[in-house]
Amino acid sequence: MYRTRLSDHLILILGSFMMIGPVAVIFLTSTHDAVEVHRHGLMATWGGHFTDTYRKVLFESGGFTGQATGLRMLMNSMILGIGFAVGKIVLSMMAAYAIVYFRFRMGTFFFWVIFTTLLLPLEVRIVPSYEVVQKLGMLNTYSGMIVPLLASATGTFYFRQFFKSVPDELLEAARIDGAGPWKFFIDILVPISKTMIAAIFIIMFVYGWNQYLWPMMMTSDEVYFTLVRGIKQILLVWVGSQIPDYNEAFALAVLAMLPPVIVVVVFQSWFIKGLTESDK
Amino acid sequence: MATISLETIRKVYAGDVEAVKGVSIDIADGEFIVLVGPSGCGKSTLLRMIAGLEDITSGEARIGEKVVNKVDPADRDIAMVFQNYALYPHMTVYNNLAYGLKNRGTPKAEIERRVKEAARILEIGDYLDRKPRALSGGQRQRVAMGRAIVREPAAFLFDEPLSNLDAKLRVQMRVEIKRLQRELGTTSVYVTHDQLEAMTLADRLVVLNGGNIEQIGAPIEVYQNPASTFVASFIGSPAMNLLKVTAGEVGLALESGSGLSGPNSKGKDRYTLGIRPEHLEVSDGPTDGDGLSLEVTVNVLELVGAESFVYASFADGGPEIVLRVPSHARYTPGETLHLKALAEDVRFFDADTGKLIG
């Protein structure tokens, strides 16, 4: 058996320090007031303004219209992240189900068409996509932010591979048990995919949460501001003699980091379960 | 409870591969039929066509009075037990058993009664709340059978259900399946490549080879009078000894040249002699009479417990032959043995077609 040595611990400690260090600095800096941050740069000490700053960031309005409180932005980011993740999972699961379990003309061809869209990132098609959303009158709506990005080649591919590894006998047993296509999907396939769903949920949630360019294109109304945009917004006041609220920007950054961390922490146990227990 | 009848069933896969070539079987109500054959003989395809999991290319399948060629598997009133059990991994044992009944809209109380009853018969009552992965192979096998039983179907279809179990459990479950089928009296079709399973379970055996039926009959009938050299070499372990001989002026000659004396087949001068290992007996010297008599050299003695098998060959090579001797008998490799067998135990097969003569 392998025995853990001191050097192993050192490497791990060093690694965690490199990961946690910057986050700690961001958090500590956010507890100082803006002037101090402006004068001394990043802080590695406790500043004592924790409650002030965070209360202000969360509950007091910012922006031009005063509708974009931290809480509002947090909610928007949540809607975006969860909408993305859930929508993508539902859509790509159904697409993969069709591709794997139904014989239809050019099924493989369609799969590869979906797959090649991986080569076309959002930035390439952002102008036509904007045009479409605008013509549909979905600018400045949540659905405008979420729906156009739901098609997911990655998700479809993952689910396709997973479905292909599900033994055929399971489908046959279900058919004999009187389950139609829809029942088989809901009763059997979805439950046994749950670890897979958890994995994709993590990836897609973080992806949606971190979206910057797309929400900025789709929404101009501050009601729809996300956290990621909010951080930028605070630093934009660099006009005249005003000092940007660095502390608030850092506080927002901390807030923006928290939910993805929570999602990963919550779902990782499922994730590992899926890797170690053969559930098929 | 129902009869199953298959009429010139054919299955042709894309690319003109003919897996089943016109098979007809009539299965009586309550009968236990075993389809046996080597891999690729079409036995599983045939079963899956009865189940409705494969389309029937041509021919007619009937369960009861109803032609089921185009009927959905769920509506054929059959239940199937799969080789890998195919239990729903995310459901408890109870739900695994209940799923098919729920889909059919069976009332809750009735489902509960039937599941409890099946659990009692199969002695899986203690595991009803567990998930399949917390069960051993034998227990999963029982659950898979339970799923078939609760449906109270017209027929059970078994697709090599014991192949994934270890040897001891396999014997145990074999006995259990037989007992269960007797008790329930449900028509059953059972696919296996294991001739021992086939022999012990079947009311009637169907030996398949290359998509054709070689023989249908009671196990003992198939064992004693195999319809062809294929059946002779497939059923029985070790297999029947098959000797290709030519009738000459002084007895019989093997292709390799060795002579032996034996009963003559009716009129043919070239044929294959078949003799079961247990019908060969060691004698003191060459024997006269119309029985089989031959002289061989011992190659290997294989002790299997209650008995031993002697593998021996003729002086100038030729086919190796096997005989069964009591376990206390000791023969050393290189030793010469005289063997004899009664004429009535010898079977004759056509040299060209391999079919049983007489």
Exercise for the section: Within segment B:169-186, identify whether any single residue is polar (S, T, N, Q), buried (at least 20 other Cβ atoms within 10 Å of the Cβ) and part of a strand (DSSP E or B), and answer yes or no. Expected result: no
Handout entry: Failed item, numbered, when B:Leu252 is tested on (1) in contact with a helix residue (DSSP H, G or I) (Cβ under 8 Å, 6 or more places away or on another chain); (2) crowded, with 22+ Cβ neighbours inside 10 Å; (3) within 17 Å of B:Ser313 (Cα to Cα); (4) not polar (S, T, N, Q)
Key = (1)
Practice task
Might you let me know whether segment B:40-52 holds any residue that is surrounded by fewer than 17 Cβ atoms within 10 Å (Cβ to Cβ) and closer than 22 Å to B:Leu162 by Cα?
Solution key: yes
Exercise for the section: Would you check if there is a residue in segment B:151-166 being in a helix (DSSP H, G or I) and of a type outside the set (D, E, K, R)? Expected result: no
Practice task
Output yes when any residue across segment A:124-132 is part of a helix (DSSP H, G or I) and under 21 Å from A:Ile200 (Cβ atoms), and no when none is.
Solution key: no
Problem - Subset tally (residues that are surrounded by fewer than 13 Cβ atoms within 10 Å (Cβ to Cβ) and assigned to a strand (DSSP E or B)) for segment B:14-35 - result: 1
Problem - Condition met for B:Val68 (under 22 Å from B:Met173 (Cβ atoms), in contact with an Asp or Glu (Cβ under 9 Å, 6 or more places away or on another chain) and within 14 Å of another protein chain (Cβ to nearest Cβ)) - result: no
Problem - 3 or more residues outside the structural domain of B:Ile220 (by TED's automatic domain parsing) and open to solvent by less than 80 Å² (accessible area, probe 1.4 Å): qualifying strands (runs of 3 or more DSSP E) within segment B:261-303 - result: B:270-275, B:292-303
Completion exercise
Over segment A:19-41, the set of residues open to solvent by 20 Å² or more (accessible area, probe 1.4 Å) and either modelled with pLDDT under 85 or more than 29 Å from the chain's Cα centre (by Cα) (or both) is A:Asp33, A:Val35, A:Glu36, A:His38, A:Arg39, A:His40, A:Gly41
Practice task
Quick one: count up the residues across segment A:175-201 that are touching a Gly at 6+ places or on another chain (Cβ under 9 Å) and within 8 Å of another protein chain (Cβ to nearest Cβ).
Solution key: 6
Completion exercise
Residues of segment A:188-222 being open to solvent by 30 Å² or more (accessible area, probe 1.4 Å), within 19 Å of A:Ile82 (Cβ to Cβ) and aliphatic (A, V, I, L, M), in sequence order, are A:Val190, A:Met196, A:Ile197, A:Ile203, A:Val206
Exercise for the section: Go through segment B:53-65 and give me each residue that's surrounded by 14 or more Cβ atoms within 10 Å (Cβ to Cβ) and either away from chain A (no Cβ under 14 Å) or part of a loop (DSSP other than H, G, I, E, B) (or both). Expected result: B:Leu53, B:Glu54, B:Ile56, B:Thr57, B:Gly59, B:Glu60, B:Ala61, B:Arg62, B:Gly64
Exercise for the section: Could you tell me whether segment B:67-76 includes any residue that is under 22 Å from B:Gly217 (Cβ atoms) and without any contact (Cβ under 8 Å) to a residue 60 or more places away in the chain? Expected result: no
Exercise for the section: State yes or no: is B:Asn241 surrounded by fewer than 17 Cβ atoms within 10 Å (Cβ to Cβ) and among the polar types (S, T, N, Q)? Expected result: no
Exercise for the section: Look through segment B:90-129, keep the residues that are away from chain A (no Cβ under 14 Å) and outside any helix (DSSP H, G or I), and return whichever of them is least open to solvent (accessible area, probe 1.4 Å). Expected result: B:Ile124
Practice task
Answer yes if at least one residue in segment A:172-182 is part of a helix (DSSP H, G or I), modelled with pLDDT of 90 or more and surrounded by fewer than 17 Cβ atoms within 10 Å (Cβ to Cβ), and no otherwise.
Solution key: yes
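The values are calculated or read from the model by the stated rules, or taken from the named source; none is laboratory data. This one's a predicted model, so the numbers in the text were calculated from it and none came from an experiment. Every residue, glycine as well, gets a Cβ built from its backbone with ideal geometry; the counts of neighbours run over all protein chains shown. Calculation scope for accessible area: heavy atoms of the full protein, side chains included, ligands and nucleic acids excluded. Shrake-Rupley method; radii C 1.70, N 1.55, O 1.52, S 1.80 Å.
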